[in-house]
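Just so it is clear, none of the values below were taken in a lab; they were calculated from the coordinates. Because the structure is a prediction, the values reported are computed rather than measured. Counting neighbours? That spans all protein chains shown, and the Cβs are built from the backbone with ideal geometry, glycine included.
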Amino acid sequence: MGRILAAIGIVVNLFLPGVGSLIMGKWTTGLVQVGVLAVVWLLKLVSFGLLGPLLWPVSGIVWLWALVGGIVTYIDRGHSRPALHRPRL
């Protein structure tokens, strides 16, 4: 089930960066991504587009961060982890 959620998270991150990270259970990363994008878009609206050329790269970096994070999570959840070897009593 974890890999399916990661795949859904990647697709969602393509359109809504940060929301896909939240779906994958990466709460801190997702909230930071959504927060940064919210501030960037608010600054774009308040500045009437004057800060747009400076803020577009920030949006792109957050989008790329969300996408790469989703892909890494998908790959990580595909690998099985060896069980811990505990001595039997």
Mean residue ellipticity (222 nm) of the chain, computed from DSSP H runs ≥ 4 via -39,500 (n - 2.57), nearest 500: -24500 deg cm²/dmol
Angle in degrees between helix 52-78 and the longest Cα principal axis of the chain, rounded to the nearest 10: 10
Nearest 10, in degrees from 0 to 90: the angle of helix 27-46 to the longest Cα principal axis of the chain is 10
Quick check: residue separation of Leu51 and Val32 times 0.36 nm, minus the Cα distance between them. What number comes out in nm? 4.7 nm
At R0 = 30 Å, FRET efficiency that the Cβ-Cβ distance of Val39 and Val68 yields, to 0.05: 0.90
Let a ≥ b ≥ c be the square roots of the eigenvalues of the Cα gyration tensor of segment 8-49; is it rounded (a/c under 1.5), or, if not, prolate (a/b larger than b/c) or oblate? oblate
Cα extents of the chain along the three principal axes, largest first (Å): 68, 24, 16
